[in-house]
1. Just for segment 112-138: of the residues that are of a type in the set (S, T, N, Q) and out of contact with any helix residue (DSSP H, G or I) (no Cβ under 8 Å at 6 or more places or on another chain), which one is nearest to PRO207 (Cα to Cα)?
2. Given the criterion out of contact with any helix residue (DSSP H, G or I) (no Cβ under 7 Å at 6 or more places or on another chain), among the aliphatic types (A, V, I, L, M) and closer than 22 Å to ILE150 by Cα, identify the matching residue among ALA72, ALA51, ALA83, ALA109.
3. Could you grab me the full set of residues in segment 153-165 that are farther than 25 Å from ASN104 by Cβ and of a type outside the set (Ser, Thr, Tyr)?
4. Within segment 69-98, can you find the residues that are among the charged types (D, E, K, R) and either free of Cβ contacts under 8 Å to residues at least 40 places away in the same chain or buried (at least 18 other Cβ atoms within 10 Å of the Cβ) (or both)?
5. Looking at (1) over 22 Å from ILE3 (Cβ atoms); (2) in a loop (DSSP other than H, G, I, E, B); (3) touching a Leu at 6+ places or on another chain (Cβ under 8 Å), find the lone condition where TYR86 falls short.
6. Which of the residues spanning segment 1-59 are among the polar types (S, T, N, Q), within 19 Å of the chain's Cα centre (by Cα) and either over 20 Å from ARG121 (Cα atoms) or buried (at least 20 other Cβ atoms within 10 Å of the Cβ) (or both)?
7. Looking at HIS138, HIS214, can you tell me which residue is in contact with a Pro (Cβ under 7 Å, 6 or more places away or on another chain) and free of Cβ contacts under 8 Å to residues at least 24 places away in the same chain?
8. Scan segment 143-199 residue by residue and report those that are under 15 Å from PHE19 (Cβ atoms) and polar (S, T, N, Q).
Amino acid sequence: MKITSLGNVHQLSFMPRVFPVNCYLIEEQNELTLIDCALPFSAKGIMKAAAAVDKPITRIALTHAHGDHIGALDELKRQLPEAQVYVSARDARLLRGDRSLDANEPQQAIRGGVPKPGAIRTAPDHLLQEGDRVGSLHVIASPGHTPGSISFWLPESGVLIAGDAIQLRGGIAVSGKVVPMFPFPAMATWSKEQAVASAERLLLLAPSVLAVGHGSMLRNPQQPISSAIAAARQALRS
């Protein structure tokens with residue numbers, strides 16, 4: 001596990017050289033919010049990192065319900081029974097293994113590592129919508145990779161934690177745009193059209209740091225995000 005810290009944001013990267021899977025610890029005054037739960041074996045590393053910061057994890061917030069973001073959820077909840085679990089109202093269904101689509105959604109199959117029904121024992125405590133808060137984090141709806149994908153925004157520092165709405169491993173790309181060096185987020189994307197629209201909304205936040213599920217954190221990301229959006233739009237037209 002590799003730890004990279006920028007202010008109160010700590011990126012924990014598992015298998016960083018092979019298949020980087022990131023989660024994040026956000027320091028509040030007296031506690032920590034964990035964003036995503038990485039892989040099933042990641043609980044030990046996450047707990048060790050929290051111990052090094054010397055603050056308790058009181059919140060577990062999920063960007064979406066794919067297996068590489070919820071892998072250690074049940075074990076962490078077992079070790080942290082008082083921690084509150086947050087997920088978008090839409091992806092709470094995926095967490096339960098429900099891949100059904102709403103009538104007003106693009107009728108494209110939900111892809112990626114969605115758990116089988118009943119595989120995840122942990123039930124969320126809070127169902128999130130656009131504009132909600134999780135500690136100091138602002139919830140930004142960013143569907144596309146999954147129907148209920150969300151991002152977390154820290155306006156005071158300009159840090160945007162975008163889950164798989166954008167990838168940085170192998171080169172920056174909007175979810176759904178294949179990067180030959182790391183094609184897996186694209187392969188797991190539900191709606192490329194919604195992913196591009198979400199990336200355009202995220203760009204309007206003018207983040208100073210972009211943090212995602214796969215790849216190192218990126219400072220001054222606005223021009224790279226803009227270029228990635230243009231490339232994704234061109235790929236859609238093609």
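1. Looking at residues that are of a type in the set (S, T, N, Q) and out of contact with any helix residue (DSSP H, G or I) (no Cβ under 8 Å at 6 or more places or on another chain), I get SER136.
2. Numbers: ALA72 fails: out of contact with any helix residue (DSSP H, G or I) (no Cβ under 7 Å at 6 or more places or on another chain); ALA51 fails: closer than 22 Å to ILE150 by Cα; ALA83 fails: out of contact with any helix residue (DSSP H, G or I) (no Cβ under 7 Å at 6 or more places or on another chain).
Of ALA72, ALA51, ALA83, ALA109, the one residue that is out of contact with any helix residue (DSSP H, G or I) (no Cβ under 7 Å at 6 or more places or on another chain), among the aliphatic types (A, V, I, L, M) and closer than 22 Å to ILE150 by Cα is ALA109.
3. The first filter runs over segment 153-165 and keeps only residues farther than 25 Å from ASN104 by Cβ, leaving 153-161.
TRP153, LEU154, PRO155, GLU156, GLY158, VAL159, LEU160, ILE161, listed by residue number.
4. The answer is GLU75, LYS77, ARG78, GLU82, ARG90, ASP91, ARG93, ARG96, ASP98.
5. Failing condition for TYR86: (2).
6. Taking segment 1-59 first, the residues among the polar types (S, T, N, Q) are 4-5, 8, 11, 13, 22, 29-30, 33, 42, 58.
Filter once more, keeping what is within 19 Å of the chain's Cα centre (by Cα): 4-5, 8, 11, 13, 22, 33, 42, 58.
The answer is THR4, SER5, ASN8, GLN11, SER13, ASN22, THR33, SER42.
7. Values: HIS214 fails: free of Cβ contacts under 8 Å to residues at least 24 places away in the same chain.
Exactly one of HIS138, HIS214 is in contact with a Pro (Cβ under 7 Å, 6 or more places away or on another chain) and free of Cβ contacts under 8 Å to residues at least 24 places away in the same chain, namely HIS138.
8. Residue satisfying the conditions is GLN167 alone.
The values are calculated or read from the model by the stated rules, or taken from the named source; none is laboratory data. This is a predicted model, so every value here is computed, not measured. As a convention, Cβ positions derive from the backbone with ideal geometry for all residues, glycine included, and neighbour counts pool all protein chains shown.
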